[in-house]
1. Here are some conditions: (1) within 21 Å of residue 258 (Cα to Cα); (2) free of Cβ contacts under 8 Å to residues at least 40 places away in the same chain; (3) crowded, with 19+ Cβ neighbours inside 10 Å; (4) under 14 Å from the mean Cα position of the chain (by Cα). Residue 163 meets all but one. Which one does it not meet?
2. If you check 236, 220, 204, which single one turns out to be without any contact (Cβ under 8 Å) to a residue 60 or more places away in the chain, farther than 25 Å from residue 90 by Cβ and in contact with a helix residue (DSSP H, G or I) (Cβ under 7 Å, 6 or more places away or on another chain)?
3. Just wondering, is there one or more residues in the range 95-107 that are closer than 29 Å to residue 41 by Cα, part of a helix (DSSP H, G or I) and over 15 Å from the mean Cα position of the chain (by Cα)?
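The values are calculated or read from the model by the stated rules, or taken from the named source; none is laboratory data. Since this is a predicted model, take the numbers as computed values, not measurements. Cβ coordinates were reconstructed from backbone atoms using ideal geometry, including for glycine residues, and neighbour counts include every protein chain displayed.
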């Protein structure tokens, strides 16, 4: 197979997310399933009963539950839990769009990660889910001008979860941060809906320039572990980035790239790489 070099780095500056209407999500149904799973887990594992009572069983909604879980993980001397939890709960309950994105992220994990047995597990144990949920809170704060507090959340999340997402980045829903350790998403990055990103991925800039300088990742993209995508390049819809690749130029839609620097290996073998999570390249190679 002929491997093609990538050319023509994108110079697009004002590209926004093409927000396609996602599949309908029933928050009440998801919450009911989480509570049922929590009751069963508490009966099975007594050592987790106190945490489950506090975070899930005693709560009336997914927003309250998520606020409790995040506040348990992120509180510290700078901001105690009794101050942090009401702040988080108020923001989550006030912004319906955030909770819809949270529920779609949960659904993405359950659908794409064979190790995940229920939506309760991301809420309790998956730092990728907790990190992107905290980003969504920080993004809301950034949008209403509370930038110092948004940057505070970015800093704490980076320290606790080893995931560094700038609050100004624009990220759609149905996002899977698989394992998530050392994921970095720069200030002007755009990630559309239904994208899967593995650990140690960087969406970064290439120098000291200002303005739009971080990647655009279109819907359905799968980004393999350790990949670095640098500059205002565009990763086309349903493309696949091989593990350890360094991407410096645009990637056409429905193609697979790999290498340092990345080159085109061929067309993506799956209709939707982000959903299939198939780690093969072409002709049986593995990313």
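1. (1)
2. Only one candidate qualifies: 220.
3. Looking through the range 95-107, at least one residue is closer than 29 Å to residue 41 by Cα, part of a helix (DSSP H, G or I) and over 15 Å from the mean Cα position of the chain (by Cα).
So that you can scan it fast, the table gives a plain yes or no per residue for (1) modelled with pLDDT of 95 or more; (2) on the phi < 0 side of the Ramachandran plot:
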residue: 199; (1), (2): yes, yes
residue: 237; (1), (2): yes, yes
residue: 245; (1), (2): yes, yes
residue: 259; (1), (2): yes, no
residue: 277; (1), (2): no, no
residue: 280; (1), (2): no, yes
